[in-house]
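The values are calculated or read from the model by the stated rules, or taken from the named source; none is laboratory data. What you see is a predicted model; the values in this text were computed from it and never measured. Cβ placement follows ideal geometry from the backbone for every residue including glycine, while neighbour counts extend to all protein chains displayed. Accessible surface areas use protein heavy atoms only, side chains included; no ligands, DNA or RNA. Shrake-Rupley method; radii C 1.70, N 1.55, O 1.52, S 1.80 Å.
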Protein chains: 10
Amino acid sequence: MLVRLLYASRAVDEKMCDIVQSIVSQSRQHNPQHGITGVLCHSDQVFMQVLEGGREAVNTLYSHILRDERHTDVMLLDYEEILERRYAGWTMGQANMSKINPSILLKYSPLPVLDPHRMSGKILLALIDELMATASVVGRT
Amino acid sequence: MLVRLLYASRAVDEKMCDIVQSIVSQSRQHNPQHGITGVLCHSDQVFMQVLEGGREAVNTLYSHILRDERHTDVMLLDYEEILERRYAGWTMGQANMSKINPSILLKYSPLPVLDPHRMSGKILLALIDELMATASVVGRT
Amino acid sequence: MLVRLLYASRAVDEKMCDIVQSIVSQSRQHNPQHGITGVLCHSDQVFMQVLEGGREAVNTLYSHILRDERHTDVMLLDYEEILERRYAGWTMGQANMSKINPSILLKYSPLPVLDPHRMSGKILLALIDELMATASVVGRT
Amino acid sequence: MLVRLLYASRAVDEKMCDIVQSIVSQSRQHNPQHGITGVLCHSDQVFMQVLEGGREAVNTLYSHILRDERHTDVMLLDYEEILERRYAGWTMGQANMSKINPSILLKYSPLPVLDPHRMSGKILLALIDELMATASVVGRT
Amino acid sequence: MLVRLLYASRAVDEKMCDIVQSIVSQSRQHNPQHGITGVLCHSDQVFMQVLEGGREAVNTLYSHILRDERHTDVMLLDYEEILERRYAGWTMGQANMSKINPSILLKYSPLPVLDPHRMSGKILLALIDELMATASVVGRT
Amino acid sequence: MLVRLLYASRAVDEKMCDIVQSIVSQSRQHNPQHGITGVLCHSDQVFMQVLEGGREAVNTLYSHILRDERHTDVMLLDYEEILERRYAGWTMGQANMSKINPSILLKYSPLPVLDPHRMSGKILLALIDELMATASVVGRT
Amino acid sequence: MLVRLLYASRAVDEKMCDIVQSIVSQSRQHNPQHGITGVLCHSDQVFMQVLEGGREAVNTLYSHILRDERHTDVMLLDYEEILERRYAGWTMGQANMSKINPSILLKYSPLPVLDPHRMSGKILLALIDELMATASVVGRT
Amino acid sequence: MLVRLLYASRAVDEKMCDIVQSIVSQSRQHNPQHGITGVLCHSDQVFMQVLEGGREAVNTLYSHILRDERHTDVMLLDYEEILERRYAGWTMGQANMSKINPSILLKYSPLPVLDPHRMSGKILLALIDELMATASVVGRT
Amino acid sequence: MLVRLLYASRAVDEKMCDIVQSIVSQSRQHNPQHGITGVLCHSDQVFMQVLEGGREAVNTLYSHILRDERHTDVMLLDYEEILERRYAGWTMGQANMSKINPSILLKYSPLPVLDPHRMSGKILLALIDELMATASVVGRT
Amino acid sequence: MLVRLLYASRAVDEKMCDIVQSIVSQSRQHNPQHGITGVLCHSDQVFMQVLEGGREAVNTLYSHILRDERHTDVMLLDYEEILERRYAGWTMGQANMSKINPSILLKYSPLPVLDPHRMSGKILLALIDELMATASVVGRT
């Protein structure tokens, strides 16, 4: 059974770009063998990650994230059983929200900053679709 | 939470073009920091403005408009919670209704003049969509 | 409030083309100031006219048509409140049904002649749409 | 082909109750042989009548109404081809709007007075349905 | 044209029950002649009022509320053109939220307190419907 | 923002009925002040719990469950933003699946045993609805 | 494959009641072995019969009807493949239209007479449903 | 009123191509004046013809076909009242099923032979649409 | 994963009632431990059985049926993944089609005999629903 | 009547490619005369085949497959009556799943391996559609 899970969190210490690098390189090693695909969006303050894969694999990974001391304020935003993946081609795509056109964020958000802890999960998934449609998701930072 | 608000009003004294200039320059200064986007349509007699943004910011701005002595006959025409903006790319677009092709107004109105106080809000939003589709909305007068 | 009204009638005396000319020139003078748009279809025997505009203006005009002695067998075929016009670009378009490709009429009618008094109003509106789509409506005879 | 037609009008001189009596007794004589059914609503100022029947019979009757000197401001409000009648059991039902519970009118109207010339035909048909559901329509005044 | 408007506000000074009494007695005097109906919900801290009526009358009243110094944090929550009223039978119904069964509030809200400034207008309208269905709205306090 | 979350888990040591008692008495103390409602189903081997409440409160509680050493094989089964609660009347309802009519389980499951780790979340929610409809959920064990 | 067929015809000579008797007694003999069910409606002038059964059996019977010299103006009105019968309980129900309440006919027809050659097949099926719902169909004349 | 009728039949004697020629030349003479359009499909054994036109004209023609001694096993397959024709441009199109690509027949049929007496009318109409879309219908043999 | 499977077959030798007894007693023993539920319909000639259960258990049972020498002409009629069972309360219900009211069969079938090899699976499932609704299914013969 | 059947199975001995060759050459000989079309997908371990054709022909072939000793773990995955085929152009298309782009499998499956015995039939049909859309199905190995 395939599921899609979306969560947000904040970095405990401020060196966001080191953490992002570390998450991405772990994803590159870990995800292919567990069949996990997805996208990681981040600003200087906050992460938002969508994960797709088998129900057990995604639950195991989310449980690790909840216990990972580099994250705080982990909040589940959306979770559903799916018939097919949307991100099958991405081991872990990335989007740096502080570098994209601010009107993309503004389309879904009161202000042009990424603040997933105050937004609906369905709207955040629409934002990620827009990021893909505008080629704002890349394979590497 | 994002909302969209549409209202109409009339200018108290007749120098419409000065008021429009003043509203537009205030919007240019004020809107970006409050995350407000929208479009302002006017004829020689009447304004119609659609505002999008966070619910608090839009309410604060509408409350100022109701108290602004340059406006009279302020009438709320439409208001709804939205999932995404339609005018994310416009700090404040403008359309001078006395300069557009009259058949655009005639499509939605009994006579080719802008008379929003007697029309349905949903039809006025369709008219604004048509103005955008026909490139009748511009960034400056 | 905008409405669309469709009616059919027959000419009392046979000089159809004179009557058509007269209706069209009256429409050219009268309609713009009252915000009325529409299309007039005729064969050698019968008229069918669709009128769009404000509810009062269309009612006033239809009341004159019912009293106009050049018409007989005036029959209302369709009437509805509309959100937008379909014929906003035509002061009064015209289609001479005896000159069009007979398969257009046949598509909606048992025989390739215009006989609106025996047809449904909705089908006649579909026929007028087909006439517009096939460029069979012109600005002048 | 069955149609339903709704119109409003005003009495030219003020003896509304005489006119109503006269319309109702004419309807009693005329309608059965022409297969016309319907309901007449009136206040002290204004009529509103819905007519159902064959398309020719309803058109003939409406044409007489438009020429009847006791009426003025005759306005067509709704007209449609129907598959079945709603008022098959009424030769001509009546409702005196000045005698009904004002909250019935208020449900569909800004103020508790019958003002059909300013209302949508579809809403007026809903009002007539409510009158029937609340037994406000009677066979005689 | 009928509209329905929902707003929330807070009392500037704390004698809520005096303000409620004053609003209700003003509504009793003012609303019938302007065709306004509705419901007022309040806790010890906060108001929420839904108003139905003609578009001009509702706009005039809302403009007075925005300027009324007894209110602060006035926030528009929902506004729409309607075909029929839901509260036609209430000059101004009342519900004291601190006296109702807390599970009614909990059904629509994270905690059993009325906090309309943080909730969606559509959900608040569903809450008011539930209050009516459970006979929690009364004619007087 | 309200959410509903469904998860399953297994007891680490086998004294299921002690654990259930402990969870229920913790829920009785903890849930009211955090606005959490829900239902707990269990067999001799396995738990399944549905939680409703504010998004932050539900996330905090689920994070504690994931770290609670009495549970293992914790698996998220369903999570969605909701407009209204289904279980607003239950601080924490309970259903002992080993005591209910086996045909209720059989209706949704290949064998008449509760095995949520192999079932779809949507089907498990339908099972819980059926338990409520058949009065199989109680306030205490 | 089951089908439903509706046709109308007229009696060649005027002794309608003899023909009806003869059709009904033939139906009683013939239909059970061929699995045909249905309803026969007639006035003094005209028949209308709906037949349900296997596609071959209904076609064979309709072919005989077309050649039966007691009928003229046989007109097919509706024919469709069906998943289940509506008249499974009637070998051949009957309704004498000159004896029913005229408002039943008037509901579907311009005048209270049965004139199926000028009506839509779908409306006639609705009329037959109404006859069944009002117990106007009987097993014998 | 327009109808569409689909039937199948078999040739009594085997010279199919003579019969087809004769039907087509009769159609060319007869159909234009009666407003009938359609398509004739045949294999070496079997006909299938779809006819569109006024209800009376189509019924008269189908009655002649049932009595025509060159046909046997005439079976009505579909009949419906239509708002517009699909074959308005064809006096009588033809498709020789023994010459078309067998995968077109196989798409709708268990074996690549035309056997309309065992197929649903709706599927046969879909097959005729496919024949038109693949240019397998021609004006002459 | 739950599935529902419907098949038909014929008895090889004619002692139908012995075979039915044998199937039913085997079902009573075998089905509960494998979680299979369903209904068996039979006439003197033919069986039709609907089976619900886990996908593997139903496949294993159907494979045995295909190899069972008491059956011939085994034909799969319907198979689908289901979210919930319809027959959860029946270990193996039975209906003897030669004893039920023939109009039940006639409603779905050209003749009042059970002939599943020539009928659509969806229609046969509707017939079984009708048998249950009319209490024609029993626990024992 | 056309049906579509999808099943999976495993090879008893490991020389998969010989078995595939043998199935394909048998299909080439057998299918055209029985009107069967379809696609065969295989990895090194497992088959999945979709068959379309007349209901009897498909049932006969599936019965042979169930008895064919080269297969084990035969599991029916989907079966439905269809109005038209999807694979009319393929006597028996083939796709070797170990040679395709792994992201195609990953889109529908937790891991990039073909494991039809654990997947829903509808998802497997979507996978086969994707194989066709990406030209991964060929006429020969």
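Tell me which residues, restricted to the stretch B:1-46, are out of contact with any helix residue (DSSP H, G or I) (no Cβ under 7 Å at 6 or more places or on another chain) and among the acidic types (Asp, Glu).
Within the stretch B:1-46, B:Asp13, B:Glu14, B:Asp18 qualify.
Kindly provide the set of residues from the stretch F:5-30 that are touching a strand residue (DSSP E or B) at 6+ places or on another chain (Cβ under 7 Å) and more than 22 Å from F:Leu105 (Cα to Cα), ordered by number.
Within the stretch F:5-30, F:Val12, F:Ile19, F:Ile23, F:Val24 meet the criteria.
Which one of these does C:Lys107 not meet: (1) within 15 Å of the chain's Cα centre (by Cα); (2) surrounded by 22 or more Cβ atoms within 10 Å (Cβ to Cβ); (3) among the basic types (Lys, Arg)?
Checking C:Lys107 against (1) within 15 Å of the chain's Cα centre (by Cα); (2) surrounded by 22 or more Cβ atoms within 10 Å (Cβ to Cβ); (3) among the basic types (Lys, Arg), the one that fails is (1).
What residue, among those in the stretch A:87-104 that are hydroxyl-bearing (Ser, Thr, Tyr) and in a loop (DSSP other than H, G, I, E, B), is surrounded by the fewest Cβ atoms within 10 Å (Cβ to Cβ)?
This residue is A:Thr91.
Mind checking which residues of the stretch A:118-141 are buried (at least 17 other Cβ atoms within 10 Å of the Cβ) and touching a Ser or Thr at 6+ places or on another chain (Cβ under 9 Å)?
A:Met119, A:Ile123, A:Leu127
Out of everything in the stretch H:4-27 that is more than 23 Å from H:Arg86 (Cα to Cα) and open to solvent by 60 Å² or more (accessible area, probe 1.4 Å), what residue ends up being nearest to the other protein chains (Cβ to nearest Cβ)? Quick ask: steps written out before the conclusion?
At the first step, the residues of the stretch H:4-27 found to be more than 23 Å from H:Arg86 (Cα to Cα) are H:10-19, H:21-22.
Restricting the remaining residues to those that are open to solvent by 60 Å² or more (accessible area, probe 1.4 Å) gives H:10, H:12-15, H:17-18, H:21.
Working: H:Arg10: 13, H:Val12: 15, H:Asp13: 20, H:Glu14: 23, H:Lys15: 24, H:Cys17: 26, H:Asp18: 25, H:Gln21: 25 Å.
Among those that are more than 23 Å from H:Arg86 (Cα to Cα) and open to solvent by 60 Å² or more (accessible area, probe 1.4 Å), it is H:Arg10.
For the stretch F:87-119, which residues satisfy the criterion of being small (Gly, Ala, Ser) and in contact (Cβ under 8 Å) with a residue 24 or more places away in the chain?
Once the filter is applied, which keeps residues that are small (Gly, Ala, Ser) and in contact (Cβ under 8 Å) with a residue 24 or more places away in the chain, the stretch F:87-119 yields F:Ala88, F:Gly89, F:Gly93, F:Ala95, F:Ser98.
Among the residues of the stretch A:109-121, how many are touching a strand residue (DSSP E or B) at 6+ places or on another chain (Cβ under 8 Å), in a helix (DSSP H, G or I) and within 13 Å of chain B (Cβ to nearest Cβ)?
1
Can you work out which of the residues in the stretch D:28-66 that are of a type in the set (Val, Ile, Thr) and touching a residue at least 60 places away in the same chain (Cβ under 8 Å) is surrounded by the fewest Cβ atoms within 10 Å (Cβ to Cβ)?
Checked the stretch D:28-66; the qualifying residue surrounded by the fewest Cβ atoms within 10 Å (Cβ to Cβ) is D:Val46.
Out of everything in the stretch G:122-141 that is assigned to a helix (DSSP H, G or I) and away from chain D (no Cβ under 12 Å), what residue ends up being nearest to H:Glu80 (Cα to Cα)?
Result: G:Ile128.
Taking A:Val137 as the residue in question, decide whether it is within 14 Å of the chain's Cα centre (by Cα), under 25 Å from F:Ala8 (Cα atoms) and of a type outside the set (S, T, N, Q).
no
Please go through the stretch C:28-87 and pick out each residue that is closer than 21 Å to C:Gly139 by Cβ, more than 9 Å from chain B (Cβ to nearest Cβ) and of a type in the set (S, T, N, Q).
Hits for the stretch C:28-87 are C:Gln29, C:Asn31, C:Ser43, C:Gln49.
Among E:Glu69, E:Glu84, which is open to solvent by 30 Å² or more (accessible area, probe 1.4 Å), farther than 20 Å from D:Lys107 by Cβ, in contact (Cβ under 8 Å) with a residue 40 or more places away in the chain and not in a strand (DSSP E or B)?
Going through E:Glu69, E:Glu84 in turn, just one is open to solvent by 30 Å² or more (accessible area, probe 1.4 Å), farther than 20 Å from D:Lys107 by Cβ, in contact (Cβ under 8 Å) with a residue 40 or more places away in the chain and not in a strand (DSSP E or B): E:Glu69.
When the residues of the stretch D:32-54 are narrowed to those that are touching a strand residue (DSSP E or B) at 6+ places or on another chain (Cβ under 7 Å) and not in a strand (DSSP E or B), which ends up farthest from D:Ile100 (Cα to Cα)? First the steps, then the outcome.
Step one: of the stretch D:32-54, the residues touching a strand residue (DSSP E or B) at 6+ places or on another chain (Cβ under 7 Å) are D:34-42, D:45-54.
Narrowing further to those that are not in a strand (DSSP E or B): D:34-36, D:45.
On the way: D:His34: 31, D:Gly35: 29, D:Ile36: 26, D:Gln45: 15 Å.
Here the answer is D:His34.
Taking the stretch G:88-108 as the region of interest, how many residues are under 28 Å from D:Thr37 (Cα atoms), more than 7 Å from every other protein chain (Cβ to nearest Cβ) and hydroxyl-bearing (Ser, Thr, Tyr)?
Residues flagged as under 28 Å from D:Thr37 (Cα atoms), more than 7 Å from every other protein chain (Cβ to nearest Cβ) and hydroxyl-bearing (Ser, Thr, Tyr) within the stretch G:88-108 amount to 1.
Between a residue in the stretch I:1-19 that is at pLDDT below 90 and any residue that is assigned to a helix (DSSP H, G or I), which pairs come within a Cβ distance under 9 Å, given they are 6 or more apart or on different chains?
Sorted first by the residue in the stretch I:1-19, then by its partner, the pairs are I:Ala11/I:Ile19; I:Ala11/I:Val20; I:Val12/I:Ile19; I:Asp13/I:Ile19.
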